[in-house]
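The values are calculated or read from the model by the stated rules, or taken from the named source; none is laboratory data. Here the structure is a predicted model, which is why all the values come from computation and not from measurement. Cβ sites come from the backbone with ideal geometry, for glycine too, and all protein chains shown count toward neighbours. Just the protein is used for accessible areas: all its heavy atoms, side chains included, with ligands, DNA and RNA removed. Shrake-Rupley method; radii C 1.70, N 1.55, O 1.52, S 1.80 Å.
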2 protein chains.
Amino acid sequence: MTRTHRLDCDVVHYAWDNATPPKLTIDPGDTVVMNCRDSSDGHFRRGMTSADMKPRAVKGHPLTGPIAIRGARPGDVLHIDILELIPGDLGYTAFNPGGGLLPEDFPEAYLKMWELDGTAAELRPGVRIPLEPFLGVMGVAPGEPGEHSTVPPRSSGGNMDIKQLTAGTTLYLPVSVDGALFSAGDGHAAQGDGEVCITAIETTMTATLRFSLRRDRKVSGPEFETTRPLSPRTNAGHHYVTTGIAPDLMEASKEAVRAMIRHLVEVRGLTREEAYVLSSVAVDLKISEVVDKPNWVVSAFLPLAVFG
Amino acid sequence: MTRTHRLDCDVVHYAWDNATPPKLTIDPGDTVVMNCRDSSDGHFRRGMTSADMKPRAVKGHPLTGPIAIRGARPGDVLHIDILELIPGDLGYTAFNPGGGLLPEDFPEAYLKMWELDGTAAELRPGVRIPLEPFLGVMGVAPGEPGEHSTVPPRSSGGNMDIKQLTAGTTLYLPVSVDGALFSAGDGHAAQGDGEVCITAIETTMTATLRFSLRRDRKVSGPEFETTRPLSPRTNAGHHYVTTGIAPDLMEASKEAVRAMIRHLVEVRGLTREEAYVLSSVAVDLKISEVVDKPNWVVSAFLPLAVFG
């Protein structure tokens with residue numbers, strides 16, 4: 001007899017710490033409908049603009065949880081079926097000096113607020129991003145004691161920002177502590193592979209997740225399985241693609257995104273900031289080859305579906 | 001009045017050199033049906049096995065060309081419509097000590113010969129790779145004088161190994177010398193993003209390409225535009241995905257591929273070498289995020305379409 005639980009986000013936690021007591025304890029096979037705050041902890045509100053980007057203390061992602069799964073123990077695999085993801089109706093994309101892939105190119109803070117109508121978000125007239133919602137953060141408590149930042153992902157999951165973790169996907173995480181202690185947050189309504197400006201279309205999320213335990217297999221880090229073709233809403237048509245060719249994958253990534261920004265400005269008439277935002281929320285970075293010494297190729301794929 | 005030319009591969013060249021005289025001179029708008037040798041220059045033949053992997057001198061990719069386009073001059077963009085690509089009926093995938101993404105894991109040479117039936121290639125019973133053919137090498141002569149290796153890609157194109165350059169795609173290359181001097185080769189019947197073992201399903205290719213010149217735009221490196229959804233034959237179903245999480249994209253790529261090889265061995269029963277080959281010819285590396293300091297995520301996507 002499995003059950004469905006509800007878990008609100010009135011109280012959240014801002015760090016990974018395996019001493020954080022569970023907010024909910026469930027049996028394997030149970031489902032949880034979780035409400036998650038956005039990554040700004042509700043700071044960004046309708047009507048704000050870049051002028052509202054003031055320096056402020058940030059505590060980390062506000063996470064809903066932890067959820068303890070009865071019987072989970074180190075070495076198990078936590079099997080999470082992502083059943084449903086419902087984003088909020090307001091989103092934001094922002095960058096500050098010093099963050100993102102191209103901090104040297106974008107020294108000024110920038111904010112874009114989005115209205116989300118359930119299917120798309122408009123950057124400007126004629127540029128609409130199809131929504132493919134997922135949770136940027138899903139993870140279990142790390143084995144190491146103490147507080148750990150929510151920013152970097154790690155083998156226990158966390159801020160993975162993997163856009164393919166949409167509804168219908170099953171995520172596998174290695175359990176490090178008794179009860180597993182799962183938490184989630186950082187809802188994204190849409191994102192490109194790379195998340196290059198440092199934010200996606202950030203929003204609140206209501207997530208329905210089902211948890212079970214697997215002892216028939218081992219994983220050493222996050223693994224997952226999808227149940228539909230990838231990116232069905234953006235892979236519906238053509239792509240425009242730029243490349244970065246360099247002896248370092250980071251440098252190649254920067255070159256590819258810089259070429260994409262130039263393209264979006266020159267051919268599509270976007271501002272440079274709009275082009276960086278569009279690259280972050282819709283452009284996918286692929287490693288085309290990583291073996292032709294000394295130069296690797298990273299390609300940046302813009303789905304032309306965003307132009308309607 | 002445009003024309004269609006034929007260009008054989010009886011004589012090839014093995015280096016980029018803007019002093020190599022053109023084998024063919026065409027007008028903008030003309031089409032060329034080019035025959036291309038495989039990347040081993042015909043060395044690998046039906047019936048060969050890993051036991052035939054002997055050290056040998058390699059001259060570089062055998063390239064068909066150069067083709068001079070009348071009127072092309074430095075600063076122009078060469079516009080190449082990839083109209084048709086017909087792979088041969090025999091393929092190979094090989095790796096030698098010291099090459100590829102994981103040389104430390106695979107110290108022994110390995111060879112897999114493939115029969116190509118026009119739609120798929122079988123790794124072992126139950127594991128069939130859908131063919132999505134493209135040319136690993138397409139490029140124009142570099143501006144710098146002298147001989148340049150065909151192995152690394154560069155801003156003038158070359159060994160880009162970009163799997164999405166399939167028929168229907170338009171490639172843009174910046175012209176560095178009068179006539180552009182286009183050459184191509186290195187046919188691939190199928191490849192994953194990354195080409196991790198250092199070879200794809202390598203084969204001969206008959207390529208039909210149409211060339212024109214663009215002065216209405218500039219590119220500083222290769223760019224291209226697709227005209228259909230990406231990877232239609234492998235993105236038809238589910239994917240199994242492993243991740244690499246590390247402060248360096250190269251290390252993250254290695255971790256993701258090592259996890260994929262473990263998965264393929266443990267869950268799918270492949271040998272380690274078969275798993276490395278399958279990762280090279282069918283698994284796609286994506287940069288999931290490159291901004292969550294200090295850890296980046298590279299994800300390795302295995303299309304389950306290969307299991308029928």
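Here are the numbers:
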| quantity | calculated |
| --- | --- |
| Test result for B:Leu209, touching a strand residue (DSSP E or B) at 6+ places or on another chain (Cβ under 6 Å) and more than 9 Å from chain A (Cβ to nearest Cβ) | yes |
| Test: residue in the stretch B:178-197 that is surrounded by fewer than 24 Cβ atoms within 10 Å (Cβ to Cβ) and farther than 26 Å from A:Val291 by Cα | yes |
| Residue within the stretch A:223-235 that is closer than 21 Å to A:Ala141 by Cβ and not polar (S, T, N, Q) present | yes |
| Count of residues meeting criterion [in contact (Cβ under 8 Å) with a residue 12 or more places away in the chain and either more than 9 Å from chain B (Cβ to nearest Cβ) or under 22 Å from A:Gly308 (Cα atoms) (or both)] in the stretch A:212-231 | 6 |
| One residue from A:Pro130, A:Pro142 being out of contact with any His (no Cβ under 8 Å at 6 or more places or on another chain), within 14 Å of chain B (Cβ to nearest Cβ) and either surrounded by fewer than 24 Cβ atoms within 10 Å (Cβ to Cβ) or on the phi > 0 side of the Ramachandran plot (or both) | A:Pro130 |
| Answer from A:Ala109, A:Ala68, A:Ala120 - the residue that is closer than 24 Å to A:Trp16 by Cβ and not charged (D, E, K, R) | A:Ala68 |
| Scope the stretch A:262-272; condition outside any loop (DSSP other than H, G, I, E, B), more than 9 Å from every other protein chain (Cβ to nearest Cβ) and open to solvent by 10 Å² or more (accessible area, probe 1.4 Å); matching residues | A:Val265, A:Arg272 |
| Sole exception among (1) under 22 Å from the mean Cα position of the chain (by Cα); (2) not in a helix (DSSP H, G or I) for A:Ala305, by number | (2) |
| B:Thr227, sole failed condition from (1) open to solvent by 20 Å² or more (accessible area, probe 1.4 Å); (2) in contact with a strand residue (DSSP E or B) (Cβ under 7 Å, 6 or more places away or on another chain); (3) of a type in the set (S, T, N, Q) | (2) |
| Condition check for B:Lys59: assigned by TED's automatic domain parsing to the domain that holds B:Asp216, among the basic types (Lys, Arg) and under 26 Å from B:Ser176 (Cα atoms) | yes |
| Those residues of the stretch A:251-302 which are touching a Gly at 6+ places or on another chain (Cβ under 7 Å) and closer than 20 Å to A:Leu116 by Cβ, in sequence order | A:Ser279, A:Ser280, A:Val281, A:Ala282, A:Val283 |
| Residues satisfying the stated conditions in the stretch B:243-261, i.e. aliphatic (A, V, I, L, M), within 8 Å of chain A (Cβ to nearest Cβ) and under 25 Å from the mean Cα position of the chain (by Cα) | B:Leu249, B:Met250, B:Ala259 |
| Per-region count, the stretch A:131-163, residues out of contact with any strand residue (DSSP E or B) (no Cβ under 7 Å at 6 or more places or on another chain) and under 23 Å from A:Thr93 (Cα atoms) | 2 |
| B:Glu84, sole failed condition from (1) under 25 Å from B:Ser183 (Cα atoms); (2) out of contact with any Gly (no Cβ under 8 Å at 6 or more places or on another chain); (3) open to solvent by less than 80 Å² (accessible area, probe 1.4 Å) | (3) |
| Criterion: closer than 30 Å to A:Arg258 by Cα and either of a type in the set (A, V, I, L, M, F, W, C) or in the same structural domain as A:Val175 (by TED's automatic domain parsing) (or both) - qualifying residue of A:Pro130, A:Pro145 | A:Pro130 |
| Residues of the stretch A:293-308 classified as surrounded by fewer than 24 Cβ atoms within 10 Å (Cβ to Cβ), under 25 Å from B:Leu135 (Cα atoms) and out of contact with any His (no Cβ under 8 Å at 6 or more places or on another chain), total | 3 |
| Of the criteria (1) over 18 Å from the mean Cα position of the chain (by Cα); (2) in a helix (DSSP H, G or I), which one B:Tyr276 fails | (1) |
| Residue within the stretch B:87-95 that is under 20 Å from B:Glu273 (Cα atoms) and either among the polar types (S, T, N, Q) or over 17 Å from the mean Cα position of the chain (by Cα) (or both) present | yes |
| Residues that are at the interface with another protein chain (Cβ under 7 Å from one of its Cβ atoms) and small (Gly, Ala, Ser), drawn from the stretch B:285-308 | B:Ser288, B:Ser299 |
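Yes/no matrix, rows are residues, columns are (1) of a type in the set (S, T, N, Q); (2) part of a loop (DSSP other than H, G, I, E, B); (3) touching a Pro at 6+ places or on another chain (Cβ under 6 Å):
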| position | (1), (2), (3) |
| --- | --- |
| A:Thr150 | yes, yes, no |
| A:Gln164 | yes, yes, no |
| A:Leu171 | no, no, no |
| A:Val196 | no, yes, no |
| A:Phe211 | no, no, no |
| A:Arg233 | no, yes, yes |
| A:Thr242 | yes, no, no |
| A:Glu255 | no, no, no |
| A:Ala259 | no, no, no |
